[in-house]
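Written below as structure tokens is the structure these notes are about.
The values are calculated or read from the model by the stated rules, or taken from the named source; none is laboratory data. Everything quoted here is computed from the prediction, not taken from an experiment. Here the Cβ positions follow ideal geometry from the backbone for every residue, glycine too, while neighbour counts run over all protein chains shown.
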Amino acid sequence: MLKRLALTTSVFAAAAAPAFAHLDPLEHGSFAAGISHPLFGADHVLVMISVGLWASQVASQPGHRNAIWAVPAAFVGTMAVGFLLALLGIHLPFVEPAILASVIGLGLLVATAARLPSSACAAIVAIFALFHGHAHGSELGGAGAFEFGAGFIISTALLHGVGIVLGQTIGRFAPSFARAIGALTALAGISLLFG
């Protein structure tokens, strides 16, 4: 158990390190740049996986099985709205602080295995998703909007899937391990805040 915790801590510490540069859409294509965009930001990776983890925790409650798809779908849908707002030039205040708050907040929700109705969970992740989507739109650069958007939406959904699989796998055998991952995510968010 200690070896697994040490390995997880190392993975999350590495995730909190400075992000790699994003792919150049002119060199790699707009779709590839969109696919890679969430993967090269520690804040995005941590949030996307946390959404899946939390959805699996909530779905384990009787009567809340729909959370397994409703919570990630709310994130992806609202993230697309945030992306569109950025493309339209509509400013959102506090985008970066909201993204950092999402890392800490979702980490804490996973760490406490917060049991809320599926609709409340979907609303919480949707608020955070709006800012993530806006950030993606603001960093579009020379990429084609449709291809870039499709790429990061697919990448985001896949990261949610990783969180769901992780949550369902360890939720059966070691639910406290999922909570530890949430706590480490929140700590990584705090380190990003001061990094």
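Figures for the structure shown
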| quantity | calculated |
| --- | --- |
| Among (1) aliphatic (A, V, I, L, M); (2) modelled with pLDDT of 95 or more; (3) surrounded by fewer than 19 Cβ atoms within 10 Å (Cβ to Cβ), the one test that residue 145 misses | (2) |
| Per-region count, region 61-86, residues surrounded by fewer than 18 Cβ atoms within 10 Å (Cβ to Cβ) and modelled with pLDDT under 95 | 5 |
| Lone qualifier among 93, 62 - being without any contact (Cβ under 8 Å) to a residue 40 or more places away in the chain and under 27 Å from residue 187 (Cα atoms) | 93 |
| Number of positions in region 148-195 that are of a type outside the set (A, V, I, L, M), over 15 Å from residue 108 (Cα atoms) and surrounded by fewer than 17 Cβ atoms within 10 Å (Cβ to Cβ) | 6 |
| Any hit, region 42-54, residues being surrounded by fewer than 24 Cβ atoms within 10 Å (Cβ to Cβ) and aromatic (Phe, Trp, Tyr) | no |
| Residues within region 165-180 that are in contact with a Phe, Trp or Tyr (Cβ under 9 Å, 6 or more places away or on another chain) and either outside any helix (DSSP H, G or I) or at pLDDT 95 or above (or both), tallied | 0 |
| Helices (runs of 4 or more DSSP H) wholly inside region 24-116 containing at least 2 residues that are polar (S, T, N, Q) | 30-36, 42-59 |
